[in-house]
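Step one of this worksheet: look at the structure below.
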Amino acid sequence: MRLVVVGAGGRMGRMLIRAVAETEGCILSGAIERAGAPVLGQDAGVLAGLAPLGVAVTDDPLPVFAAAEGVLDFTTPAATTFFAELAAQARIVHVVGTTGMEEADLAKLAAAAHHARIVRSGNMSLGVNLLAGLVRKVSAALGEDFDIEIVEMHHRMKVDAPSGTALLLGEAAAEGRGVALADTRVSTRDGHTGARRPGDIGFATLRGGTVVGDHSVVFAGAGERLTLSHHAEDRAIFARGALRAAQWAFDRPPGLYGMADVLGL
Ligand SMILES: NC(=O)C1=CN([C@@H]2O[C@H](COP(=O)(O)OP(=O)(O)OC[C@H]3O[C@@H](n4cnc5c(N)ncnc54)[C@H](OP(=O)(O)O)[C@@H]3O)[C@@H](O)[C@H]2O)C=CC1
Ligand SMILES: O=C(O)C1=N[C@H](C(=O)O)C[C@H](O)C1
C-alpha cells in the first residue's frame, strides 16, 4: 500500500515514517510538511533516523495524494480538515490521529467520509481501545453511585486538553451509563466550585516533561475506589495502530470508522 505521511517532521510524523518502512506490504510514497517548514527537501528516511528512502519532504500535497493509496495524518485540526478534502477527492484512505478537533472540524470529516475511507481515533493503540471497552462495562455495572474522574498526563509540548484519549474514555464511560458526555463533562475546577454534582464525569489534565501518555479512569464510591489505567511508553504503539487502520480500510467502502472497527472490538 502506497502511503503518505503528513506532518512528516513532527513527533508522530517521524515515528510513522519508521513504521511504514518497517511494515511489510507498505511503502512510503510521499512526505508532506507545511510551507516554510525547515525540513522541506530533506529525505524522509533520514528525517526519521533511517537510511535514505528516496522520498523528499514537500509542501505540495496534490501530486503526492494523486499517486497514493492512503494518508497517515497526525497534525492539527486545521491541517486535517484540509487534507480530508484532498483525500476525498483522490478517493484514498485517510487515517486521522489528530486530536483537539471541534464539532465543526468533525462535521467536515463526516462530509469527506461520503467519498473517502476515514479511520479516526483519539488513540490508535491496542491497549487504550481495549481499556475503553472495560470502562464502558465497569461504568454500566457500577452506575451513578460511583463518581467517575479521568486523569491524564502528557509531555510539556502537548497543545490540546483534555487529551483525545481522555475524551474517548469519557465517551465510553458515558455510554456505559446511557448518558451524553456533553451533558455530564466537567473539564475545569477552580475556586469555590461547590460539591460534586452526581453523575458528572470529571477530567484532570497534567502536563510536563516527556511523558508519552498516561490515562487513568477512577471510579470512586463510598468506601472503595477502582482505577483502570494505561501507560504509553513508546509512540510506536500509535504508529503501529495507524498502519493497521490503513491496511484494514484499504478495501472497505467509504465511511467514517474508528479503531474499534479496525480491531473488531
Ligand atoms: N490518535 C493517536 O493515537 C495519537 C494522536 N496524537 C495527536 O497527533 C497530533 C500530532 O502530535 P505530535 O506529532 O506530537 O505533534 P507535532 O507538533 O510534533 O507534529 C505535528 C506536525 O504537523 C505539522 N503540520 C502542521 N500543519 C501542517 C500542514 N498544514 N501541513 C503539513 N504539516 C503540518 C507540524 O509542523 P509545524 O510544527 O512546523 O507547525 C508538525 O510537524 C496531535 O493532535 C496529537 O494529540 C499523537 C499521538 C498519538
Ligand atoms: O499529543 C500526544 O502526544 C498524544 N495525543 C493523543 C491524545 O490526545 O490522547 C494520544 C496520546 O495520548 C499521545
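For the range 186-227, which trypsin sites (Lys or Arg not before Pro) pass both filters: DSSP loop (anything but H, G, I, E, B) and at most 15 other C-beta atoms within 10 Å?
Numbers: sites: Arg189, Arg196, Arg207, Arg225; in loops: Arg189, Arg196.
Within the range 186-227, the qualifying trypsin sites (Lys or Arg not before Pro) (loop, at most 15 other Cβ atoms within 10 Å) are Arg189, Arg196.
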Share, in percent, of DSSP beta bridges within the range 123-214 that are antiparallel, nearest 5 | 10
Phe74 - accessible surface, heavy atoms, 1.4 Å probe, Å² rounded to 10 | 40
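Taking only protein heavy atoms into account and a 1.4 Å probe, give the accessible area per residue of the range 220-265 in Å².
Details: 2680 Å² over 46 residues.
Per-residue accessible area for the range 220-265 comes out at 58 Å².
Between the DSSP loop rule and a limit of at most 16 other Cβ atoms within 10 Å, which trypsin sites (Lys or Arg not before Pro) in the range 53-148 are left?
Details: sites: Arg91, Lys108, Arg117, Arg120, Arg136, Lys137; in loops: Arg91.
Within the range 53-148, the qualifying trypsin sites (Lys or Arg not before Pro) (loop, at most 16 other Cβ atoms within 10 Å) are Arg91.
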Using a 1.4 Å probe over the heavy atoms of the protein chains, calculate the carbon and sulfur portion of the accessible area of the chain as a whole percent.
-> 54
Given a Förster distance of 25 angstrom, what is the FRET efficiency for His231 paired with Val46, based on the Cβ-Cβ distance and rounded to 0.05?
-> 0.20
Of the DSSP beta bridges with both residues in the chain, give the percent that are antiparallel, rounding to the nearest 5.
-> 35
When only the heavy atoms of the protein chains count and the probe is 1.4 Å, how do Asp214, Asp73 rank by accessible area, highest first?
-> Asp214, Asp73
The range 110-139 scanned against label point 7 Å out from Val179 along Cα→C-beta; backbone N under 11 Å for none
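Might you tell me the accessible area per residue for the range 37-81, computed with a 1.4 Å probe and given in Å²? Numbers along the way, then the final one.
On the way: 1890 Å² over 45 residues.
Using a 1.4 Å probe on heavy atoms only, each residue of the range 37-81 averages 42 Å².
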Measure of size requested: the Rg and Dmax of the chain, with Cα atoms as the atom set and Å as the unit; please supply both.
-> 19.3, 61
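Please report the net charge: other residues with Cβ closer than 15 Å to the Cβ of Ser216, K and R +1, D and E -1. Write down the numbers at each step before the final one.
Working: positive: Arg225; negative: Asp147, Glu149, Glu152, Asp214.
Counting the neighbours of Ser216, the net charge comes to -3.
First select every other residue whose beta carbon is under 14 angstrom from the beta carbon of Leu169; then total the charges, Lys and Arg +1, Asp and Glu -1.
Values: positive: Arg136, Lys137, Arg177, Arg185; negative: Glu149, Glu152, Glu171, Glu175, Asp214.
Surrounding charge for Leu169 is -1.
Counting helices only, and only those DSSP H runs with n ≥ 4, report the 222 nm mean residue ellipticity of the chain as the sum of -39,500 (n - 2.57) divided by its residues, in deg cm²/dmol to the nearest 500.
On the way: 10 runs with 100 residues, N = 265.
So the helix-based figure for the chain works out to -11000 deg cm²/dmol.
The values are calculated or read from the model by the stated rules, or taken from the named source; none is laboratory data. Bear in mind the structure is a predicted one, so any value in this text is a computation, not a measurement. Methodologically, a virtual Cβ is constructed for each residue, glycine included, from the backbone with ideal geometry; neighbour enumeration extends over all protein chains shown. What goes into the accessible areas is simple: the full protein's heavy atoms, side chains included, and nothing from ligands, DNA or RNA. Shrake-Rupley method; radii C 1.70, N 1.55, O 1.52, S 1.80 Å.
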